[in-house]
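Q: Before I ask anything, here is the structure I am working with.
Any read-out appearing in this document is the output of simple, stated calculations on the displayed coordinates, not a laboratory observation. All values derive from a computational prediction rather than experimental measurement. Every residue, glycine among them, receives a Cβ derived from its backbone with ideal geometry; neighbour counts consider all protein chains shown.
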Amino acid sequence: MKCVEAKRMINRFVEKKLSWQELEQFLQHVEHCDDCMDELDIYYTMNKAFDLLDTGSHQNYNFKKMLDEELHAARRAVIMHRTSLLLRDIFFAGLAILALLGLYFLFIH
Ligand SMILES: [Zn+2]
């Protein structure tokens, strides 16, 4: 993914509107690109600060830590999603093998 594509996804990442595939590619890019990570940091901080102003909250927030936690959670979600797809594939492969074995014993034996 190029920087221009990653930067175009920043707002949708913050709003949690990326598809699984986009999210995975976006995370891979920002983890290795300081420039895009900086831009994500700025956008995220501004976005959260405005949200908190709206709620009238005056606590101190560590936006860098909040972003790190969200990136971590997103990374975990991508891994869980991939694992569930893999398990689904293994499950259906198992079913297919059982079906073939069933046919084998029904018709050949
Ligand atoms: Zn970049």
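Q: Which one of GLN59, GLN21 is of a type in the set (S, T, N, Q) and farther than 24 Å from MET1 by Cβ? Explain how you work it out, then say what you get.
A: On the way: GLN21 fails: farther than 24 Å from MET1 by Cβ.
Being of a type in the set (S, T, N, Q) and farther than 24 Å from MET1 by Cβ holds for just one of GLN59, GLN21, which is GLN59.
Q: In addition: Can you tell me how many residues in segment 34-81 are touching a residue at least 24 places away in the same chain (Cβ under 8 Å) and either within 16 Å of the ligand (Cβ to nearest atom) or not polar (S, T, N, Q) (or both)?
A: Start the filter on segment 34-81 by keeping residues that are touching a residue at least 24 places away in the same chain (Cβ under 8 Å), which leaves 35-36, 39-41, 43-44, 47, 67, 70-71, 74-75, 77-78, 81.
Subsequent filtering for residues that are either within 16 Å of the ligand (Cβ to nearest atom) or not polar (S, T, N, Q) (or both) retains 35-36, 39-41, 43-44, 67, 70-71, 74-75, 77-78, 81.
Number satisfying all stated conditions: 15.
Q: On the given criteria, is LYS16 closer than 20 Å to LYS64 by Cβ and outside any helix (DSSP H, G or I)? Walk me through how you get there before you give the answer.
A: Working: closer than 20 Å to LYS64 by Cβ: yes; outside any helix (DSSP H, G or I): yes.
Yes: the conditions hold for LYS16.
Q: Exposed (fewer than 10 other Cβ atoms within 10 Å of the Cβ) and β-branched (Val, Ile, Thr): which single residue out of ILE79, ILE108 fits that description?
A: None of the others qualify; the one that does is ILE108.
Q: Restricting attention to segment 2-33, which residues are surrounded by 15 or more Cβ atoms within 10 Å (Cβ to Cβ), within 14 Å of the ligand (Cβ to nearest atom) and not small (Gly, Ala, Ser)? Walk me through it before giving the result.
A: Residues of segment 2-33 that are surrounded by 15 or more Cβ atoms within 10 Å (Cβ to Cβ), as a first pass: 6-7, 9-10, 13-14, 18, 22-27, 29-30, 33.
Filter again for within 14 Å of the ligand (Cβ to nearest atom), leaving 6-7, 9-10, 13, 25-27, 29-30, 33.
LYS7, MET9, ILE10, PHE13, GLN25, PHE26, LEU27, HIS29, VAL30, CYS33 - these are the residues of segment 2-33 that are surrounded by 15 or more Cβ atoms within 10 Å (Cβ to Cβ), within 14 Å of the ligand (Cβ to nearest atom) and not small (Gly, Ala, Ser).
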